[in-house]
Amino acid sequence: MLSAFKRLLKLPSASELFTFYAKFFLAPAVIVFLHLFMDLLLKTIQQYVPVSSNDEGIIRALFREQKLKKGEHLLAAGQICKNIFFIEKGLVRYYATFEGEERTSYFNKEGEFVCDYSSFLPQQPSQTNIQALEDSTIYTISKTNMELFYEQVKHGERFGRLAIGEVFVSAINQIRSFYIDSPEVRYQTFLDKFPDIGQRIQQYHIASYVGIKPQSLSRIRKRLAGKH
């Protein structure tokens, strides 16, 4: 009787307390934390197609989190783009090196998908570099998992068609702009297209995107400031 009473009064060890805490408090908190962060991905997909609770579970299982430090690359020229990325937090630029000079072609920020589709779709080596301009949190999905996304998510294929179509239209408009727009118009287009990230990007990257030298960009900015 006395021994049984002592067992009832026995305090748990430190390891037992940690196991209990991890099981009932830590694990659920981690799950909630991850779900809150992946909500941005789900909300972005929902801008294109409806997403059911069953679809949500599939999507969460197919994407993986990845951390990038400022300056690191998601993709380097010569590599095959094997993933589509989604930016939870951070900023990236696309660029190619021509005659020893880096030429920036695009930017992506939070809530946007990142991919070199000209490499991803045919699985051929890329001519593009994709670099983090800030410490970034990315969700990534492989080509194999993207095929599962199309098969298992109810409106997955429709999402793919709409997203690719949007990328195609953007690329065509950018090419057209380089042929018919002045640098000042291209810079104003940049401000209109990326109104919330101009202060997060180095001026020489913006100048490269517009297709001019940093000194020319400074003159354009002064002229535009004078108009206001």
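Residue by residue, here is whether (1) in contact (Cβ under 8 Å) with a residue 40 or more places away in the chain; (2) over 26 Å from K193 (Cα atoms); (3) aliphatic (A, V, I, L, M) holds:
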| site | (1), (2), (3) |
| --- | --- |
| A61 | no, yes, yes |
| R64 | yes, yes, no |
| I87 | yes, no, yes |
| R93 | yes, no, no |
| S105 | yes, no, no |
| K109 | yes, no, no |
| E134 | yes, no, no |
| H155 | yes, yes, no |
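When E101 is tested against (1) at pLDDT below 95; (2) under 22 Å from F149 (Cα atoms), only condition (2) is not met. Taken over region 142-159, the criterion of being touching a Phe, Trp or Tyr at 6+ places or on another chain (Cβ under 6 Å) and surrounded by 14 or more Cβ atoms within 10 Å (Cβ to Cβ) is satisfied by G156, F159. When region 174-191 is filtered for residues that are exposed (fewer than 14 other Cβ atoms within 10 Å of the Cβ) and either modelled with pLDDT of 90 or more or within 18 Å of the chain's Cα centre (by Cα) (or both), the ones remaining, listed by number, are R176, Y179, I180, S182, V185, L191.
Looking at region 193-203, can you tell me whether even one residue there is closer than 23 Å to N83 by Cβ, of a type outside the set (A, V, I, L, M), assigned to a loop (DSSP other than H, G, I, E, B) and touching a residue at least 40 places away in the same chain (Cβ under 8 Å)? No.
The values are calculated or read from the model by the stated rules, or taken from the named source; none is laboratory data. Note that the structure is a prediction, hence the values are computed from the model and not measured. Heads up, the Cβs are rebuilt from the backbone with ideal geometry, glycines too, and the neighbour counts pull from every protein chain shown.
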